[in-house]
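Trainee: Attaching a single structure in structure tokens format; questions to follow.
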Amino acid sequence: MKKMLFALALALLFSSYALAQKITEYGKPEELKGVTKIFVSLVYGGSVELKDRERIVNEIEKSKKKHKILNLEVVERLEDAEVILIYSEAVEGEITGATTTKRGNVSRTTIGERDRWTGKGIVVKQLLNGNQRLIMDSTDSQVSFLQNAPATSFGKAFMKAYVNANADTREKKK
């Protein structure tokens, strides 16, 4: 009997621990319809910098002007947001090739390298029960200064999804 009670207590302990964990549900970008307040957050580590947040916010503001969106606001406090944009970035060196030259009996190999910045962004909605819904994600990389920074690409991807989700409401207002 004691073993049975102990097993039951152990099962209850582990099940309450599992229920206390945040669960991620999966949604769709269409759930951005009607969203008016967003918060942009960075995951520090890797090579993410404050300027990455500025790039995302600047892209959002630029797209708001282009599409004449008046009711979308980037808030400064997480508690005020309906949706949270979370961005992280890492930089890795990669080999682009190797060149071998030979002078007499001596060979010399030179390895070409460059940096690749890879950014990952997710958009989540906090639920009343403490769980969260993953609305969308985006990954992009940059190897040349001629390309958009990954943070800029994440801002563009978010706004494209936002505009698509709210297309019918914008058309009705015209």
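Trainee: Quick one: what are the phi-derived ³J(HN,Hα) couplings along segment 109-120, Karplus 6.51/-1.76/1.60 with θ = phi - 60°, whole Hz, x for glycine and proline?
Mentor: Working through the residues one at a time gives 10, 10, 9, x, 10, 8, 9, 10, 8, 10, x, 10 Hz.
Trainee: What percent of all Cα-Cα pairs in segment 42-174 falls in each 10 Å bin, counting up from 0?
Mentor: Per 10 Å bin, starting at zero, the Cα-Cα P(r) for segment 42-174 comes out as 11, 33, 27, 14, 8, 5, 3, 0 percent.
Trainee: In whole Hz and in residue order, list the ³J(HN,Hα) couplings for segment 72-89 that follow from phi through the Karplus curve 6.51 cos²θ - 1.76 cosθ + 1.60, θ = phi - 60°; x for Gly and Pro.
Mentor: Computed from phi, the couplings for segment 72-89 are 9, 10, 8, 8, 8, 10, 4, 5, 8, 8, 8, 9, 10, 9, 10, 10, 9, 8 Hz.
Trainee: Same structure again: Arranged from highest to lowest average of other beta-carbon atoms within 10 Å per residue, in what order do the peptides 103-115, 49-61 appear? Walk me through the numbers on the way to the answer.
Mentor: Numbers: 103-115: 8.5, 49-61: 17.4.
Most protected by this proxy first, the peptides run 49-61, 103-115.
FYI, it's all coordinate maths here, none of it is from the lab. None of the values given here were measured: they were computed from a predicted structure. Methodologically, a virtual Cβ is constructed for each residue, glycine included, from the backbone with ideal geometry; neighbour enumeration extends over all protein chains shown.
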